[in-house]
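Here is the structure we will look at, set down as structure tokens.
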Amino acid sequence: MDSIRSAHDEAISLGQAKKLVQCMAHEQSFLFLSPPGVGKSDMVTQAAAEAGLPCRSLLGTQIAPEDVSGIPRIVGERSVFCPPRILLPENPEPFCLFLDELPACAPDVQKAFYSLLLERRLGEHALPAGTWVVAAGNRMQDRALVRSMSSALVNRVTILNLRVDADEWQAWAKKTGVRADIRNFISYMPDALMRPVPAEPVPFSTPRAWALLSRALDLAEGSGILNREIRRALAFGRLSAEDAAVFCALAEEKIGVMGAIEDYVVRPELLPKTDAARWFILNCVRQHVRDGQLAHLKPRTVNRFLRALQPEQQLTVISDLVEQWGALGADRAMFDLLKKVTAL
């Protein structure tokens, strides 16, 4: 039924996830799932830091069952398991236990986490009261190193899918010193912040990739070696090819600060003269139309904007969005374009 949705259809932002962790991870265990590069690990670390808890991490792909359950030693006539120090430190203070890449763990390791996730226990040893248990990993469809999870494990955690929120990322990027040219680019092309995982093992755009590119450009610029070739090599080595191409073209043309997208629709004479910058703005206009962000404009304004473009530019802007442009009242401009391209 349409009213019944899969868990994968629902997703929350990193900011919402952080609030959930801070208010209930001391009692309930979470498993956050998302494509690579979204920022799951940073979110958990920030949540713990804001709560004043030290964060201890276990990487699922690099541990064995005994790294969780501990190893036995003989006490009197009985064997007693000694938990690892990272999970049960001598100081009985609460902390945040972050189980990274949990879906990538071997089945025996996943099984070793059962009592930890549900009861906050390691054998006969309880974690300090108030300790958080938070896990994260990638999804099966992300073509990452992911194994099937047992139903017993799934039933012990709250599984939440994460999505990228461009506004949240902009606030974080400004606070952490991400370059202004990257922040400006994402403000105009929010879709470029997170691209789908490609079928081939090639670079693709993610929040992590943009942040690392920013740092790489800063280092190259600080060393005096940043030029056209270096910028292109770094961008194409981190981002989806289409995003790298547009980002570099705009940087090379030194476009600088652009106006609001609505301003270009209201006053098409403001459109950049150079091809790369103009196509960039037109693509942003397409996104605004697709997302319904220009619905307040008058049909006269919309028609004037379309008529100010070259026919090939009009076709590109309208392509796959005829219904949306029609809802804005652009029927006259689209009809004129149809007559022009069909020579009627």
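The values are calculated or read from the model by the stated rules, or taken from the named source; none is laboratory data. Predicted model, so just to flag it, every value in this text is computed and none were measured. Neighbour counts are summed over all protein chains in view; Cβ atoms, including those assigned to glycine, are modelled from backbone coordinates with ideal geometry.
Would you call residue 245 touching a helix residue (DSSP H, G or I) at 6+ places or on another chain (Cβ under 7 Å), surrounded by 13 or more Cβ atoms within 10 Å (Cβ to Cβ) and outside the structural domain of residue 37 (by TED's automatic domain parsing)? So residue 245 fails the test.
Select from the range 171-180 the residues that are crowded, with 17+ Cβ neighbours inside 10 Å and part of a helix (DSSP H, G or I) and list them in ascending order. Within the range 171-180, 172, 173 qualify. Scanning the range 282-304 for residues that are within 18 Å of residue 188 (Cα to Cα), assigned to a helix (DSSP H, G or I) and without any contact (Cβ under 8 Å) to a residue 60 or more places away in the chain yields 282, 285, 286, 288, 289, 290. Filtered by the rule that a residue be more than 23 Å from residue 298 (Cβ to Cβ) and of a type in the set (A, V, I, L, M), the range 259-283 gives 276, 277.
If only residues of the range 16-37 that are within 18 Å of residue 169 (Cβ to Cβ) and at pLDDT 95 or above are counted, the one that is surrounded by the fewest Cβ atoms within 10 Å (Cβ to Cβ) is 19.
All told, residue 290 falls short of being closer than 30 Å to residue 37 by Cα, assigned by TED's automatic domain parsing to the domain that holds residue 188 and out of contact with any Pro (no Cβ under 8 Å at 6 or more places or on another chain). For the range 177-206, a tally of residues being within 18 Å of residue 38 (Cβ to Cβ) and touching a Lys or Arg at 6+ places or on another chain (Cβ under 8 Å) returns 6. Looking only at the range 105-116, decide whether some residue is among the aromatic types (Phe, Trp, Tyr) and not in a helix (DSSP H, G or I). Scanning the range 105-116, I find at least one residue that is among the aromatic types (Phe, Trp, Tyr) and not in a helix (DSSP H, G or I), so the answer is yes.
If I go through the range 105-145 residue by residue, how many of them are surrounded by fewer than 19 Cβ atoms within 10 Å (Cβ to Cβ) and either touching a helix residue (DSSP H, G or I) at 6+ places or on another chain (Cβ under 6 Å) or more than 30 Å from residue 200 (Cα to Cα) (or both)? Qualifying residue count, the range 105-145: 15. Scanning the range 305-312 finds no residues that are in a helix (DSSP H, G or I), of a type in the set (Asp, Glu) and farther than 29 Å from residue 243 by Cα. Look at (1) crowded, with 18+ Cβ neighbours inside 10 Å; (2) under 29 Å from residue 29 (Cβ atoms) and you find that residue 189 fails only one, number (2). Taking residue 138 as the residue in question, decide whether it is assigned by TED's automatic domain parsing to the domain that holds residue 34 and either more than 20 Å from residue 65 (Cβ to Cβ) or touching a Lys or Arg at 6+ places or on another chain (Cβ under 6 Å) (or both). When the stated conditions are applied, residue 138 passes them. The combined condition, being assigned by TED's automatic domain parsing to the domain that holds residue 49 and aromatic (Phe, Trp, Tyr), is not fulfilled by residue 172.
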